[in-house]
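Worksheet: one structure, shown below.
Derivation of every value follows stated rules applied to the coordinates shown; laboratory data play no part. As the structure is a computational prediction, the values presented were derived from the model and not from experiment. Here Cβ is always computed from backbone atoms with ideal geometry, including for glycine, and neighbour counts include all displayed protein chains.
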Amino acid sequence: MKTNFLKITGMFALLAVLATSCKKDNNEVSNAPLKSNNAVNTIPSNSVVTGAFTTPLSSPGGSAGNWGTVYYDLANNATTTTTSAYQASFNGSFDGNINANTGSSYKLAYADVPSTTLAAIAKTAFTTGNIKTATTLGSNTSAPGWYAYNVATHVSGPVADRYVLLYKGSSVAAATELYVLQIITVGYSADSTTPGNYYGQISFNYKKLV
């Protein structure tokens with residue numbers, strides 16, 4: 001009887017150890033690192049996506065500051081570096097100026113197309129009559145730009161009916177790659193470590209037509 005009791009006691013002890021071990025294993029699985037939600041994914045053609053970034057540097061407000069340069073991979077909707085593939089770069093005041101990666105044969109242009117939207121616009125909307133070439137597009141002041149500052153609301157938003165074209169090829173019509181963009185806003189946020197300095201916060205909508 002004593003022997004049976006010891007066997008039963010030993011069995012329960014073994015089950016307790018196994019249960020503890022399983023519980024530990026389960027906890028280890030649940031605490032495993034999750035896959036990043038910022039994984040790079042190729043954007044679908046003809047679908048509007050939103051790009052956004054915060055500038056790498058902060059600076060006092062004004063056009064003469066230095067917010068660094070941001071390189072943007074439109075194909076994957078992600079910031080990148082000069083050593084990686086990218087189509088657009090941003091610099092200037094709060095990094096609100098957009099430029100084409102001319103080193104990789106991309107070109108910049110814009111067109112004013114009324115009575116449509118970015119979601120609805122097609123390649124046929126852009127013709128030799130409305131396409132204007134550009135080297136950079138920023139604030140729409142003395143030179144054409146892609147955003148305008150509203151003095152009443154103190155908000156920078158898109159120039160009405162204006163679409164930025166970033167493409168590769170001899171022309172927009174013959175483009176082997178074609179992205180259409182519209183700025184959402186050129187914003188800013190305070191640098192908590194340097195009073196009086198601000199980071200630029202840029203957001204824009206775009207889609208790939210080709």
Would you mind putting 51-63, 96-108, 151-163 in packing order, based on average other-beta-carbon counts within 10 Å, highest first? 96-108, 51-63, 151-163
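Using a cut-off of 9 Å between beta-carbons, work out the net charge of the residues near Ala75 (Lys and Arg +1, Asp and Glu -1, Ala75 not included). Before the final figure, lay out each step's value.
On the way: positive: Lys208; negative: Asp73, Glu177.
Cβ neighbours under 9 Å give a net charge of -1.
Where the only charges are on Cβ atoms (+1 Lys, Arg; -1 Asp, Glu), what is the dipole of segment 49-208 about its Cα centre, to the nearest 20 debye? Working shown, then result.
On the way: 7 positive and 6 negative charges, 78 e Å.
Dipole size: approximately 380 debye.
Starting with the highest mean, order 136-143, 174-181 by the number of other Cβ atoms within 10 Å, averaged over the residues of each peptide. Don't skip to the answer; put the middle values down first.
Numbers: 136-143: 16.5, 174-181: 18.8.
Those peptides, ordered most packed to least, come out 174-181, 136-143.
Note down the relative contact order for segment 49-208 as a percent, whole number, built from C-alpha pairs under 8 angstrom at least six residues apart.
25
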